[in-house]
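Read through the structure below, which is laid out as structure tokens, and then see the notes.
Nothing in this text is a laboratory measurement; each read-out follows from the coordinates by a stated rule. Predicted model only: the values in this text are computed from it and were never measured. Glycine gets a Cβ as well: all are built from the backbone with ideal geometry, and neighbour counts include every protein chain shown.
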Amino acid sequence: MKSAVETLSPTRAKLTVEVPAEELKPSIDKAYKQIAKSINVPGFRKGKVPAAVIERQYPGAARDQALNEILNEKYVEAIQANDITPLAQPEVEVTKFDADGPLEFTAEVDVKPVFEVPSYAGIEATVDAVTVTDEDIDEQVQALRERFGTLKDVERPAADGDFVVIDLSATKDGEPVEGAEAVGLSYQIGRGGMLDGLDEAATGLSAGEDKTFTSTLVGGDLVGQEVDVNVKVNQVQEQELPELDDEFAQLASEFDTLEELTTDIAARLGRGKRLEQAAAARDAVLEALLEQVEIPLPEGLVAEELTTRRGQLEQQLQWAGLTMEKYLEEEGQTIEEFESDLERRVRDAIAAQLLLDEVAKSEQFEVTQQDLTQHIIRSAQNQGQDPQQAFAHIQEHPHHLQEYAAEIVRGKALAQIVEAATVKDSDGNVVELKNLLPDGSIGDPASAEAETAEAAETEESSTEE
């Protein structure tokens, strides 16, 4: 087989391949045997029809059947021989395939661009400092009080913050909307997230009163359409919150005093914010490195990823009962701004992947069985999935292992880049990235602190000995 490559652009190549007749013969002979098993020819047993007879009755059938197999096989050989890394499916054109002659075809494909990775030693980045304010703590304490609050019926019109037990029903042009009703629903006025206009309609209603308002359905067959909604208030309830004292701390936690409880809340908030800071530091370092290199992006890959992400968003909006118009309204974006922002994020993501792949290649990172196991377990946990289910899914779809392996080596490359960087917070303090795991993901800050404390204790014990 002969093959040659022509560079059409930094991200696109054209392969020209010529396969001699003798290399075509095994695939064509195989096709003749398969056809012989599927046809009936008088005078011949099934599966024993000679190739000449098949060719006479079905001219070119074997060659046509063998073509796809030959193309796939020789395309793979050609990209390996020319050291090409394809990023998408090729556009193949058969230019010659005579009865007894060679096969000639071309294949245009998006390829990984060639670029030089800048030095990532000494990269500097800045992130926000970790601060836990009194307002942060008060917000958590208030949420905890609401969890342990009690409701009591009141004989007055409903007000903001009250809980109401309501019945809902919708009509369209005077006809009831099937499935758009609810009975005995408990709802807190002012919380939102259900139907536009519900808060305003329920406010001021006493038990036994009702009101009709216009809203847009967020689910069902008429999702996105305006309907008339009737809300009837059956009960008005006022929430009574427990007093903030030691007794509340004992009720709501394992602590004996309110001071211990608030101290623990502050510590947990601090750990959460350090987790966010570590993620921000990781992203800031990668962004700083990307600014130092110009990476040509395959436009076909960009278009494919844009289509995928749009489809994912549309599916999520459908599950949430939202239209694209409603989503854009809530985000405060026009469709042009949304598309521009989406394309920017897609281009940044692809550039980051290409950069990390190149770093992983130069550092010769490998993926061990332990890497794969830990990555699968962590991914499953992050998605709220049973790890056993994740392993079972991989057994059914083993091709996902390649995707996981790519994620792992990119993570290792990112961890290497971040480790070589200097990250400071907005107060000028060096950020210790002990929450960054070896695969570039972010670990539990509490675990990292426990490991640090344990190491310190071990060192202290050794010193004493």
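Some notes on this structure:
- Cα long-axis angle, helix 61-81 against the chain (0 to 90 degrees, to the nearest 10): 70 degrees
- Extension gain, Asp134 to Asp173, is 8.9 nm, computed as 0.36 nm per intervening residue step minus the present C-alpha separation.
- Label sites at Glu69 and Glu291, each approximated as a point 7 angstrom past Cα along Cα to Cβ, lie 5.6 nm apart.
- Anisotropy class of the stretch 150-240 from Cα gyration tensor, a/c 1.5 cut: prolate
- A helix-only calculation puts the chain at -16000 deg cm²/dmol for mean residue ellipticity at 222 nm, using -39500 (n - 2.57) for each DSSP H run of at least four residues, averaged over all residues.
- Working from the Cα coordinates of the stretch 2-110, the gyration tensor eigenvalues give, after taking √(5λ), semi-axes of 34, 12, 10 Å in decreasing order.
- Per-residue HN-Hα couplings for the stretch 381-393 [Karplus 6.51, -1.76, 1.60; θ = phi - 60°; Hz; x = Gly/Pro]: 5, 4, 9, x, 10, 5, x, 4, 5, 5, 5, 5, 5
- Helix 134-147 and the longest principal axis of the Cα set of the chain meet at an angle near 80°.
- Between 0 and 90°, nearest 10: helix 21-36 axis offset from the chain longest Cα axis: 70 degrees
- The Cα atoms of the chain give a gyration tensor whose axes a ≥ b ≥ c have a/c of 1.5 or more with a/b no greater than b/c, which makes the shape oblate.
- Environment charge at Lys273 (Cβ cut-off 12 Å; Lys +1, Arg +1, Asp -1, Glu -1): -1
- Full-stretch length increase - Ala21, Arg147 - with 0.36 nm per residue and alpha-carbon distance subtracted: 37.6 nm
- On the basis of the beta-carbon distance and an R0 of 22 Å, Phe115 and Arg309 show a calculated FRET efficiency of 0.35.
- Once the C-beta distance of Ile377 and Glu209 is scaled by a Förster radius of 60 Å, the resulting FRET efficiency is 0.65 to the nearest 0.05.
- Cα-based shape type of the stretch 205-273, given that a ≥ b ≥ c are square roots of the gyration tensor eigenvalues and the cut on a/c is 1.5: oblate
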